[in-house]
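The values are calculated or read from the model by the stated rules, or taken from the named source; none is laboratory data. Note that this is a predicted model, so its numbers are computed, not measured. Ideal geometry is used to build each Cβ from the backbone, glycine not excepted, and the neighbour counts take in all protein chains shown. Surface areas here come from the heavy atoms of the whole protein model, side chains and all, with no ligands, DNA or RNA. Shrake-Rupley method; radii C 1.70, N 1.55, O 1.52, S 1.80 Å.
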Amino acid sequence: SCYITDTSLNRNLLYIYPQSLNFANRQGSARNITVKVQFMYGEDPSNAMPVIFGKSSCSEFSKEAYTAVVYHNRSPDFHEEIKVKLPATLTDHHHLLFTFYHVSCQQKQNTPLETPVGYTWIPMLQNGRLKTGQFCLPVSLEKPPQAYSVLSPEVPLPGMKWVDNHKGVFNVEVVAVSSIHTQDPYLDKFFALVNALDEHMFPVRIGDMRIMENNLENELKSSISALNSSQLEPVVRFLHLLLDKLILLVVRPPVIAGQIVNLGQASFEAMASIINRLHKNLEGNHDQHGRNSLLSSYIYYVFRLPNTYPNSPSPGPGGLGGSVHYATMARSAVRPASLNLNRSRSLSNSNPDISGTPTSPDDEVRSIIGSKAMDRSCNRMSSHTETSSFLQTLTGRLPTKKLFHEELALQWVVCSGSVRESALQQAWFFFELMVKSMVHHLYFNDKLDAPRKSRFPERFMDDIAALVSTIASDIVSRFQKDTEMVERLNTSLAFFLNDLLSVMDRGFVFSLIKTCYKQVSSKLYSLPNPSVLVSLRLDFLRIVCSHEHYVTLNLPCSLLTPPASPSPSVSSSSGFSTNVQDQKIANMFELSVPFRQQHYLAGLVLTELAVILDPDAEGLFGLHKKVINMVHNLLSSHDSDPRYSDPQTKARVAMLYLPLIGIIMETVPQLYDFTGTSPICIAPDDYESESGSMISQTVAMAIAGTSVPQLTRPGSFLLTSSVRTTLLQKQHTTFSAESSRSLLICLLWVLKNADETVLQKWFTDLSVLQLNRLLDLLYLCVSCFEYKVSDHDKVFERMNSLTFKKSKDMRAKLEEAILGSIGARQEMVRRKRSPSGSAFGSQENLRWRKDMTHWRQNTEKLDKSRAEIEHEALIDGNLATEANLIILDTLEIVVQTVSVTESKESILGGVLKVLLHSMACNQSAVYLQHCFATQRALVSKFPELLFEEETEQCADLCLRLLRHCSSSIGTIRSHASASLYLLMRQNFEIGNNFARVKMQVTMSLSSLVGTSQNFNEEFLRRSLKTILTYAEEDLELRETTFPDQVQDLVFNLHMILSDTVKMKEHQEDPEMLIDLMYRIAKGYQTSPDLRLTWLQNMAGKHSERSNHAEAAQCLVHSAALVAEYLSMLEDRKYLPVGCVTFQNISSNVLEESAVSDDVVSPDEEGICSGKYFTESGLVGLLEQAAASFSMAGMYEAVNEVYKVLIPIHEANRDAKKLSTIHGKLQEAFSKIVHQDGKRMFGTYFRVGFYGTKFGDLDEQEFVYKEPAITKLAEISHRLEGFYGERFGEDVVEVIKDSNPVDKCKLGPNKAYIQITYVEPYFDTYEMKDRITYFDKNYNLRRFMYCTPFTLDGRAHGDLHEQFKRKTILTTSHAFPYIKTRVNVTHKEEIILTPIEVAIEDMQKKTQELAFATHQDPADPKMLQMVLQGSVGTTVNQGPLEVAQVFLSEIPSDPKLFRHHNKLRLCFKDFTKRCEDALRKNKSLIGPDQKEYQRELERNYHRLKEALQPLINRKIPQLYKAMSQQYWTKRVCELRSQKGITSKTNLGTEDPHEQ
């Protein structure tokens, strides 16, 4: 231990644990025993050292310590711990002395309290090593002799007495905790030899060995190689010293016997072995990057170059510190966002302790070194080397100029086998050591200002190149077998190259990167699945590109553009007129050779992106997210870097990424569709027509790492026509929403920061297809970054329901952010004029961060506080504004480009489409103001575009402007009103009328009313008023018809709005709502487009409420309307001629006839311009109608619809469609067959409204169609509940009877509803055609209900006074119609006399009997029930009573003769039916019901007997006449057979009775 000179940082403790003592065989009194422990430096009792730590309340150190006394036990156990502070230097005389005492309990006179009863000891050094461990010591009865301390008590000293014959009786354990004594023979030997070299003291004594100088070399080498056998614990404790000594041996080879001994290889091997061993055995001690914390702290705090020059002054406080900070080492959390390592291995190269930003890498290194300094004395190894004398004669070391990094590189390159494997496993350690050594070397030798090329010798650079090359080949050859190791190696190599960029020649480092790329590329060609290797290359590239000076390394200032012309002529100033100049611009936007030579790292990044996103890249689909994130993070780091905050600087940075625009344009078909309906308008054949791809073919060179533009890989970057055709079919290659969003953010960043003039020049060179593709991208961006109001609102609602207190301030801020008063930063809005604009955010110090805008599920959001959610909403709102403003800027540039070239007007339609789409999304007020300005400019510059070419877009624009006219924000309303007015004015000026805009505005408002629930008509009225004011005060057009036309339009819009207000009021009343929509649609009878819109709105409402029959009728009416106008436009025989064709489907359809005087011709501008007024539109409507009829179960109507469709498809030879239709027809007819007898359509009720509370409905009667089997109570409850809620429950009253309502008897302040069940009513002639259940329930216009009454006012009386009133209602339209309630237009009543009532009852009974008798299969229960009601004796007002009342006497009034006779015949038929029924019942019953049958038969016979006289009583007067009629008729028949005629006419109603 003598080579440790500084003890201030050392720990040197000894713990003694006496365990047990066995005095059982000792003679004499020794029962109450204690042990005294002393640490002695000699044999004399006074030599005890005060090094034993005292207990509490005692002095700090004492000379002795006692164990507790164990009472009356000759073999006690002890439980003490005695702590000793060991002296730094021990000699052979230092020892532990144990003295055993017997303690008397009762003190006798003249005898001491404690009597020594034994002694033993432990020498502290044995062969120069500290003696520790478990001991079982003999105990001497006498005091030890002189010079005992150098011997062990196990040695039998002559003449001494021992307890129990010198056996071991005392057990004790000694444990050392020491940073001075290694307690390991291998480490001891190594340190001793190294110390001997330093001190030049020979021979060296190690244990019982003496090593002479001539033998020293071999011993030293063997001790180095034996280090691997040492125990792990001492290696860990002495690691820093051990590594220091090994490094010292590498840097300063010792001189032994006059020869320089090179121990570099041995030391390197030992280091590799120790480091690997530590890594394997201390797995729990690794940081997140898999680096052992002991080793990383060694590099960070301890390692420093042993000073090469003996007398060089210390750098002092400002010199080299312990916490020197390097990219490879510091790895703190404040990494630029560009570094996002796989498996969380994000290592950092930015130093949080450096204030400000260094201007160059050299300044960076200098400031790093000066940033933290520690006193050099705190480093053991270096302090030793400084305090020792360095003269060669003393140290045996030559001041050779070996440099550690050079030696390390050399040894690593030349090593092989297991040593090389160990070094590879822990490559990070050697790389970091090498980098720190290089920086120390530059610093101490004042080379930081030297040119980079001359900083390091050629041979060292060759070694580095060889090392990097072999490691790259290791990565390539082993990535499939040792995945984890290769990942670590790859990461370490990347960080090493990252660090080298700060200290070495950049060209040299780039050549190293190229070497790595070449190795990977050559392997990639032969791999079936390259994704793992490409993933490793991505990690490698990302780490290299995370360099502090990445932008500078890409040489952003050396432009590919030509120099400015010294005397700008017209041609040179107007753009890049020559081919050479055009090529230069193209080079800036393509991954061309010049681009990748100039901007090396950026070229590599963009090439990776292009390769991986290529849809034909086999097996790379899983890397999309990774490569996109790499680019996204790089741009985020540039954006948040204060060095690039100046707009011009940012434009230079953006120039490095210009090819990104082209790459992303190539990926349009693969991007996630944020719109829900794909906006991408490029069909595969468009791709085919475009041969010039965005990505230059030379991209391939980057993969190969060569400048030869050869490409043998199948996945070419030039997407050939066949590739493009399959492009859109490859669904599996669609990117995820997250990846697409990141990619689009990158695109917007480049578009925002790139130089406008450069962009404009490039746009000029693009083909129409490519520009359209760019516009598709922008369209997608609008959808992607739309502010999603609902997400945040839902969370707020749920949080409010949890009774969170609303924060008014934050809410106000949120609203402001969304509505735009603080919106995105104003500098952005002013088109990037301010230098402080940050792309992703708008609040001060608030930078857009990826983790803040990544969308999350709503469930996640509930875990956040309200403040966080509001903050997120604020960020999202600002991002939306920012993104849309960038899109708007780009559109402006495109428009300027088109203005210059005047050859690409087809592009303007695309620009307008993006603009309109952005207006349709949720936008902030800030954006909308600029958007409206752009839109007005576009309409003003290119009016013919809107009014002649893009008519659909014009309609769309009207809708968007109207929607914003109803905005709650004043500024948006004023801008939208101005835009709308100017649109009308422009249209008027072009064609001197504005039929189209007028039409489209009206249609837009209708559409808005039909679909939008949340627009505010009050605000819309204000906007209309503004437009009216504009028109009145427009002096230029005052003399024209324009102001009047505007007034007409505004008046019409006001009318629609007032109906809309009513619709809002009746939002909860479905019948009234449909009535209002019906009324509005009727108002548009002369405007087919609008009527169609409203019919479709109605169809939608019906579908929502599952009124499929009514929805189908709306669609049939729509189709009839379209057919009517199509027949005017095109004369095609297979198309329906108009409404007439649809009569079989519904008789109501004729109301769609276009026959009135004010029908507009369909070929007039703006009329029938919608997509439905085409053949395919008609087909679509009919197919929808058929589907709705099918859902309603009206399969016969499906057939009628297809009768119209089939000729159209036959004419078009569309076999596929015909096959589908016939399949559906088969299905429909099968259902008719299967559901026979089980079909139910609707139930009908007459509903009358009485009372002023009902407004328009007062005294109106309707027939309501309700779902099948609706009970009277159900509809009554529904209407009473609904109107009760509206007017108050005590106000609404339901009239229970069906009698005519007398208005005078009703309360003035009440609302009365009368509801009656009605049945379809058919005349006898109708029944011939209405055979099936469907016939009897379709096309219904007449309904009937019956009311019983008596002449004295009662409802019911005796049979002879019971009258009945039949009321027949006729409706305005047949059911089913386009609404579920139809007005009653006509009412007629039929009064039945009592006898007629009786006839009807008897006919009904007879029918029931006939039905029950002939039912198939027979139903015995039903039959018996009907029989019992017919022949049962107990039946009140049964058949017998009816006969007795009406047939017992011949009526006195001749008018009743016929009724009397009819009733008599009814009874005759009735008895016959009863007999048939009894006979049928007899055949059905079992033996148990025979008695019941007999009873029924008895009753029947009684009934028959009672009826017999009544049935046989005829009216002579009637029968005389009838008889005469009969015979006359017979004679005529006979004569006619013989050719004789007669004028007489005789006969009777019943010839059987003659």
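Computed quantities for the displayed model
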item: Residue 1030, sole failed condition from (1) in contact with a Phe, Trp or Tyr (Cβ under 6 Å, 6 or more places away or on another chain); (2) at pLDDT below 85; (3) of a type outside the set (A, V, I, L, M); result: (2)
item: Evaluation of residue 86 against (1) farther than 24 Å from residue 152 by Cβ; (2) open to solvent by less than 40 Å² (accessible area, probe 1.4 Å) (one fails), failing number; result: (1)
item: All positions within the stretch 1100-1149 that are free of Cβ contacts under 8 Å to residues at least 40 places away in the same chain, buried (at least 20 other Cβ atoms within 10 Å of the Cβ) and aliphatic (A, V, I, L, M); result: 1120, 1121, 1149
item: 1 or more residues in contact with a strand residue (DSSP E or B) (Cβ under 8 Å, 6 or more places away or on another chain), open to solvent by less than 70 Å² (accessible area, probe 1.4 Å) and not aliphatic (A, V, I, L, M): qualifying helices (runs of 4 or more DSSP H) within the stretch 1378-1480; result: 1394-1414
item: Enumerated strands (runs of 3 or more DSSP E) restricted to the stretch 1286-1377, each holding at least 1 residues that are crowded, with 16+ Cβ neighbours inside 10 Å, over 54 Å from the mean Cα position of the chain (by Cα) and β-branched (Val, Ile, Thr); result: 1311-1320, 1340-1349, 1363-1375
item: Hits in the stretch 252-297 - residues which are hydroxyl-bearing (Ser, Thr, Tyr) and open to solvent by 10 Å² or more (accessible area, probe 1.4 Å); result: 273, 293, 296, 297
item: Test: residue in the stretch 898-906 that is open to solvent by less than 10 Å² (accessible area, probe 1.4 Å) and either under 22 Å from residue 1027 (Cβ atoms) or touching a Phe, Trp or Tyr at 6+ places or on another chain (Cβ under 7 Å) (or both); result: no
item: Residue within the stretch 99-121 that is within 22 Å of residue 49 (Cβ to Cβ) and among the aliphatic types (A, V, I, L, M) present; result: no
item: Condition met for residue 1374 (in contact (Cβ under 8 Å) with a residue 60 or more places away in the chain and touching a Lys or Arg at 6+ places or on another chain (Cβ under 7 Å)); result: yes
item: Test set (1) in a loop (DSSP other than H, G, I, E, B); (2) surrounded by fewer than 15 Cβ atoms within 10 Å (Cβ to Cβ) - residue 93 fails condition number; result: (2)
item: Residue satisfying all of: in the stretch 1204-1258; basic (Lys, Arg), farther than 27 Å from residue 1132 by Cβ and assigned to a loop (DSSP other than H, G, I, E, B); least open to solvent (accessible area, probe 1.4 Å) among these; result: 1239
item: Sole exception among (1) at negative phi; (2) part of a loop (DSSP other than H, G, I, E, B) for residue 28, by number; result: (1)
item: Selection count where residues are open to solvent by 50 Å² or more (accessible area, probe 1.4 Å) and touching a Leu at 6+ places or on another chain (Cβ under 8 Å), scope the stretch 444-458; result: 1
item: Which numbered condition residue 634 fails, given (1) open to solvent by 10 Å² or more (accessible area, probe 1.4 Å); (2) in contact with a Ser or Thr (Cβ under 8 Å, 6 or more places away or on another chain); (3) on the phi < 0 side of the Ramachandran plot; result: (1)
item: Some residue of the stretch 593-609 being in a helix (DSSP H, G or I), basic (Lys, Arg) and either modelled with pLDDT under 85 or within 24 Å of residue 760 (Cα to Cα) (or both); result: yes
item: Elements of type helices (runs of 4 or more DSSP H) in the stretch 221-311, at least 3 residues being not small (Gly, Ala, Ser); result: 232-237, 239-251, 264-281
item: Answer residue from the stretch 1485-1540, given it is of a type in the set (Gly, Ala, Ser) and assigned to a loop (DSSP other than H, G, I, E, B) and is modelled with the highest pLDDT among those; result: 1486
item: From the options 771, 777, residue that is farther than 23 Å from residue 650 by Cβ, among the aliphatic types (A, V, I, L, M), at pLDDT 50 or above and buried (at least 19 other Cβ atoms within 10 Å of the Cβ); result: 771
item: Test: residue in the stretch 54-61 that is surrounded by fewer than 17 Cβ atoms within 10 Å (Cβ to Cβ), touching a strand residue (DSSP E or B) at 6+ places or on another chain (Cβ under 8 Å), under 19 Å from residue 172 (Cα atoms) and at pLDDT below 95; result: no
item: Considering residues of the stretch 1259-1285 that are without any contact (Cβ under 8 Å) to a residue 12 or more places away in the chain and more than 15 Å from residue 1071 (Cα to Cα) only, the residue most open to solvent (accessible area, probe 1.4 Å); result: 1285
item: Which numbered condition residue 210 misses (of (1) part of a strand (DSSP E or B); (2) modelled with pLDDT of 75 or more; (3) open to solvent by 70 Å² or more (accessible area, probe 1.4 Å)); result: (2)
item: Unique match (being closer than 19 Å to residue 471 by Cβ, open to solvent by 60 Å² or more (accessible area, probe 1.4 Å) and hydroxyl-bearing (Ser, Thr, Tyr)) among 416, 422; result: 416
item: Single residue of the stretch 858-879 satisfying the filter (at pLDDT 85 or above and out of contact with any Ser or Thr (no Cβ under 7 Å at 6 or more places or on another chain)) that is farthest from residue 749 (Cα to Cα); result: 867
item: Candidate set from the stretch 155-190 (those that are of a type in the set (Phe, Trp, Tyr) and either at positive phi or part of a strand (DSSP E or B) (or both)); member that is nearest to the chain's Cα centre (by Cα); result: 170
